[in-house]
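*Asks:* My questions will all concern the structure given below.
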Amino acid sequence: MSAALGDSFKLLFLEHAIRVALQPKTRKGLDGPFWIDYRRSVRVPTHWEDGDNWLVNYIGHPLHGAAAAFVWTSHDPRTRDEEFGLNLNYWKTRWRPLAWSAAYSVQFEFGPISEASIGNVGLDPFTTGWVDHVVTPVAGVGLTIAEDALDRFFIRWFEERVRNRFYRAAIRCVFNPARTMANTSSGRVPWHRDGRRIGHR
């Protein structure tokens with residue numbers, strides 16, 4: 001639990017660093033009284049959309065929800081050791097990363113290290129919506145399941161036929177982007193797989 005928490009904070013800081021670096025509106029929101037603006041920014045959404053475009057809400061948020069779910073999975077043997085397939089145990093353990101991703105999403109939106117505190121998202125009520133709280137964990141865990149399936153049926157198939165280490169690493173990163181983010185925040189190489197060295201054939 002403590003290891004998953006530590007790696008989740010690393011992922012959180014990485015994501016906020018990207019926001020500050022790439023979003024002028026986030027940097028602008030850093031001006032002003034921190035605690036007063038933060039308190040005013042935390043609000044219960046009153047509508048679904050939050051003003052972000054489709055790419056951010058339905059691609060970006062599921063990616064960061066899935067990354068948080070993979071951070072949990074990497075530290076939870078009960079979830080990690082169940083391989084994707086029709087076995088009941090795999091599907092019975094998916095609620096665990098879902099719950100972790102949901103908690104991560106709440107902190108990302110409202111917590112002390114959040115969009116509300118760093119950039120004051122929510123100060124304008126039309127910049128917060130239920131879309132983030134629902135899509136991030138639910139679509140995020142759906143994405144982890146899709147990445148598990150791709151890893152088992154496509155990436156492994158590719159690795160059985162291609163010996164080049166660079167191509168193997170690239171395929172793992174491209175077709176499992178959320179797992180790649182989780183690996184990076186956990187201090188692993190982006191293409192890491194437990195028990196599967198990149199040069200193993």
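*Asks:* Take the Cβ-Cβ distance between Lys10 and Trp35 as r, set R0 to 22 Å, and report the resulting FRET efficiency rounded to the nearest 0.05.
*Replies:* The calculated FRET efficiency here is 0.35.
*Asks:* Where a Cα-Cα gap under 15 Å defines reach, which aspartates and glutamates qualify for Lys28, not counting those fewer than 8 residues away within the same chain?
*Replies:* Cross-link targets: Asp37, Glu115, Asp124.
*Asks:* Would you kindly state how much longer the chain becomes between Asp81 and Trp54 on full extension, computed as 0.36 nm times their sequence separation minus their alpha carbon distance, in nm to one decimal?
*Replies:* 6.3 nm
*Asks:* If you take the Cα Rg of the chain and divide it by 2.2 N^0.38 Å, with N the number of residues, what do you get?
*Replies:* So the Cα radius of gyration is 1.09 times the expected 2.2 N^0.38 Å.
*Asks:* Give the lysines whose C-alpha is closer than 30 Å to that of Lys92, dropping any in the same chain fewer than 8 places away, or say none.
*Replies:* Correct list for Lys92: Lys10.
*Asks:* What's the angle, to the nearest 10 degrees (0 to 90), between helix 130-150's Cα axis and the longest principal axis of the chain?
*Replies:* Roughly 10 degrees between the two axes.
*Asks:* Right, another one. Nearest 10 degrees is fine. How inclined is helix 165-175 to the longest principal axis of the chain, computing both from alpha carbons?
*Replies:* Taking the Cα atoms of the chain, the angle to 165-175 is about 50 degrees.
*Asks:* Specify the angular offset, from 0 to 90 degrees and rounded to the nearest 10, of the alpha carbon long axis of helix 2-22 from the longest principal axis of the alpha carbons in the chain.
*Replies:* 60
*Asks:* Over the alpha-carbon set of region 102-201, work out the extent along each principal axis and list the three values in angstrom, largest first.
*Replies:* 53, 24, 18
*Asks:* Given the peptides 155-163, 35-43, arrange them by the average over their residues of other C-beta atoms within 10 Å, most packed first.
*Replies:* The densest-packed peptide leads the list: 35-43, 155-163.
*Asks:* Taking the simple approach of a point 7 Å from Cα along Cα-to-Cβ for both Thr46 and Trp157, what is their distance in nm?
*Replies:* 5.1
*Asks:* Sticking with this structure for a sec: Considering only C-alpha atoms, what is the centroid distance from region 175-201 to region 51-107, in Å?
*Replies:* Distance between centres, Cα-based: 16 Å.
*Asks:* Modelled label-to-label distance, Leu22 and Ala170, 7 Å Cα→beta-carbon offset: nm?
*Replies:* 2.2
*Asks:* Then there's this: Translational D (Stokes-Einstein, µm²/s) of region 19-61 at 37 °C and 0.692 mPa s when Rh comes from the Kirkwood sum over C-alpha pairs?
*Replies:* Estimated via Stokes-Einstein, D reaches 264 µm²/s.
*Asks:* Follow-up question, since we're still on this one. Starting from one equal scatterer on each C-alpha and no solvent at all, send me the Debye-based log10 I(q)/I(0) for region 1-72 at q = 0.22 Å⁻¹, two decimals.
*Replies:* Log10 of I(q)/I(0), two decimals: -1.25.
Read-outs: derived from the displayed coordinates by stated rules, not from any lab. All of these numbers come straight from a predicted model, not from anything done at the bench. Using ideal geometry, Cβ is built from the backbone for each residue, glycine included, and neighbour counts are taken over all protein chains shown.
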